[in-house]
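What follows is calculated from the coordinates using simple rules that are stated; it is not laboratory data. The model shown is predicted, which means the values in this text are computed figures rather than measured ones. Note that each Cβ is placed from the backbone with ideal geometry, even for glycine, and that neighbours are counted across all protein chains shown.
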Amino acid sequence: MSICQSFDWYIVSKDAFNDRLIIGIGLSDKESINGELYRVQDETTLTLWRDILRFTFESDFVRQFFPYNTHFKGKMRIDGALCFYIHDYYPTRCKDISVSDRKTSNLVFRFKEGRQAALVAKIFSLCIARMPFFKEKAANAVLIPIPAATRERNIARFARFCSLLSRRLKIVDGFRATWIKEDREQMKGTHGQDKLSNLIFHPDYFKGRDVFLIDDIISSGENFTQMKRKLMQLGAKSVTGLFLGKTIKSEN
């Protein structure tokens with residue numbers, strides 16, 4: 001475990017195979033690293049462990065509940081702003097979807113509930129660090145979430161997540177750049193309504209800065225567009241959208 005901590009590997013899962021061997025998977029920053037590290041007393045044990053580990057991973061024996069993609073899958077422009085997303089996301093009404101897509105749903109649901117903040121922060125940090133222009137913007141960047149409908153949900157979903165991700169990226173944590181003055185009904189799927197009327201903005205966090213505007217899912221893009229325009233109106237230098245998933249329209 002001390003090796004994992006020193007290299008900042010995020011441990012996704014770990015299980016004791018026996019009293020001497022723990023098998024797990026994790027996320028690291030360097031994809032070029034490939035190797036094995038053992039500390040055993042004899043050659044027989046070494047051979048046995050190698051066989052066990054190769055069977056475990058080459059046969060996909062390890063069961064994964066979440067996807068662990070560390071690259072943005074796609075990008076698009078919304079209202080002139082560049083936006084990136086990690087996964088295709090199928091709404092719950094879609095029944096005939098792949099195992100991989102179900103894992104994405106698992107991660108999205110847990111994140112919405114305010115769980116798995118550390119895992120999602122690690123995944124986003126790896127994706128963002130690979131963006132070609134991130135280093136240019138990092139010194140002037142601030143991370144701001146698109147607020148949830150209620151204070152309770154907003155704090156549960158974003159407070160710890162933004163703290164962890166901004167620390168990993170070494171950029172300003174802009175969780176407090178907006179404040180929910182009163183809870184509102186969820187407006188998912190609605191169009192043409194002011195979705196910012198219950199928010200108070202604090203421009204000191206983002207005036208003159210490059211904003212990374214982050215949320216779990218991008219669908220129509222209306223929430224993002226309203227937030228982006230408001231931030232720019234109040235003095236933000238630029239806005240880039242970052243999303244865990246992009247809703248895929250399906251008829252099934």
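Would you check which residues across the range 70-87 are more than 17 Å from PHE134 (Cα to Cα) and buried (at least 17 other Cβ atoms within 10 Å of the Cβ) and list them? Residue satisfying the conditions is HIS87 alone. The residues on offer are LYS122, LYS112, LYS135, and the sole one that is crowded, with 20+ Cβ neighbours inside 10 Å and of a type in the set (Lys, Arg) is LYS122.
Quick grid of which residues meet (1) in contact (Cβ under 8 Å) with a residue 12 or more places away in the chain; (2) surrounded by fewer than 21 Cβ atoms within 10 Å (Cβ to Cβ):
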| position | (1), (2) |
| --- | --- |
| LYS207 | yes, yes |
| PHE212 | yes, no |
| ILE218 | yes, no |
| GLU222 | yes, yes |
| THR225 | yes, yes |
| LYS228 | yes, no |
| GLN233 | no, yes |
| LYS237 | yes, yes |
| ILE248 | yes, yes |
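Against the list (1) surrounded by 15 or more Cβ atoms within 10 Å (Cβ to Cβ); (2) in contact (Cβ under 8 Å) with a residue 40 or more places away in the chain, the condition ALA129 fails is (1). Screening the range 156-181 for residues that are closer than 25 Å to LYS75 by Cα and part of a strand (DSSP E or B) and picking the one that is farthest from the chain's Cα centre (by Cα) gives VAL172. Counting the residues of the range 210-237 that are hydroxyl-bearing (Ser, Thr, Tyr) and more than 19 Å from the chain's Cα centre (by Cα) gives 2.
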